[in-house]
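Input: a single structure, listed below in structure tokens.
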Amino acid sequence: MIGNRAAIRYAKAILDLAISKNASVQVNDDMILVASTVNGNQELNGFIQNPTISVDVKENALLEVFAAVNPVTKSLFHLLFVNKRFEILEGIANNYKQLFDQMNGVELAKVTTAIPMDADLEAKIMAKIATFSNKKITIENTVDPSIIGGFILRIGDQQYNASVANRLQELKREFSN
């Protein structure tokens with residue numbers, strides 16, 4: 001929790017700096033790249049999290065791995081070097097993306113389906129989303145075969161459960177009463 005609060009603070013500071021330098025879109029692209037790279041590469045993630053590796057080695061490695069990023073993003077690496085906080089890099093990147101989306105009126109819709117979404121299901125979900133929100137929506141799909149069919153939609157603190165597993169559970173409750 002403390003790491004998360006710190007990550008939010010760093011993300012806000014980097015977003016403010018990026019806005020002041022008219023680089024918020026490029027830094028957002030960098031943060032997407034950083035988050036997916038750190039999350040997708042166990043070796044890199046372990047390297048960043050390892051407390052026995054010195055912070056200057058971590059900074060140099062990140063500057064090499066992410067050589068093409070914006071100078072604002074590179075300044076984040078240096079700030080993490082100075083404050084010895086590289087372990088929260090992925091959290092900073094994820095929080096930056098959320099703050100950037102909020103600033104631009106984009107909302108994340110988390111959709112859980114039994115199978116990967118096709119165009120027909122995505123159209124049905126987008127129609128349902130229109131009843132929840134009038135913002136621009138980004139869909140994040142998670143596959144969970146245990147819901148059997150249908151979908152579960154989460155936008156902010158609202159949830160719409162149209163899964164077969166939920167309907168079966170409702171029927172079970174109805175028959176048990």
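The values are calculated or read from the model by the stated rules, or taken from the named source; none is laboratory data. Quick caveat: nothing in here was measured; it's all calculated off a predicted structure. Note that each Cβ is placed from the backbone with ideal geometry, even for glycine, and that neighbours are counted across all protein chains shown. Surface areas here come from the heavy atoms of the whole protein model, side chains and all, with no ligands, DNA or RNA. Shrake-Rupley method; radii C 1.70, N 1.55, O 1.52, S 1.80 Å.
Looking at M117, M126, can you tell me which residue is surrounded by 12 or more Cβ atoms within 10 Å (Cβ to Cβ) and part of a loop (DSSP other than H, G, I, E, B)? Talk me through it step by step, then tell me what you get.
Values: M126 fails: part of a loop (DSSP other than H, G, I, E, B).
The unique qualifying residue is M117.
Screening the candidates E90, E64 for the property of being within 14 Å of T37 (Cα to Cα), under 22 Å from the mean Cα position of the chain (by Cα) and among the acidic types (D, E) yields one hit, E90. Of the candidates E90, E107, E140, the single residue that is touching a Leu at 6+ places or on another chain (Cβ under 9 Å) and within 23 Å of D29 (Cβ to Cβ) is E140.
Cβ-Cβ contacts under 8 Å between residues 6 or more apart (or on different chains), taken from a first residue in the range 30-48 that is free of Cβ contacts under 8 Å to residues at least 24 places away in the same chain and on the phi < 0 side of the Ramachandran plot to a second residue that is assigned to a helix (DSSP H, G or I) and among the β-branched types (V, I, T), are listed as L44/T37; L44/V38; L44/V65.
For the range 129-154, residues that are assigned to a strand (DSSP E or B) and either closer than 13 Å to N166 by Cβ or of a type in the set (S, T, Y) (or both) total 6. Exactly one residue out of Q169, Q159 is assigned to a strand (DSSP E or B) and open to solvent by 80 Å² or more (accessible area, probe 1.4 Å): that is Q159.
Only one of the numbered conditions (1) in contact (Cβ under 8 Å) with a residue 12 or more places away in the chain; (2) over 27 Å from Q102 (Cα atoms); (3) not β-branched (V, I, T) is violated by N4, and that is (2). Selection of first residues in the range 64-79 that are under 16 Å from S20 (Cα atoms) and of second residues that are hydrophobic (A, V, I, L, M, F, W, C) and assigned to a helix (DSSP H, G or I), restricted to Cβ pairs under 6 Å at least 6 apart or on distinct chains, gives the following pairs, ordered by first then second residue: N70/V27; V72/L17; V72/A18; V72/V27; T73/V27; L76/I14.
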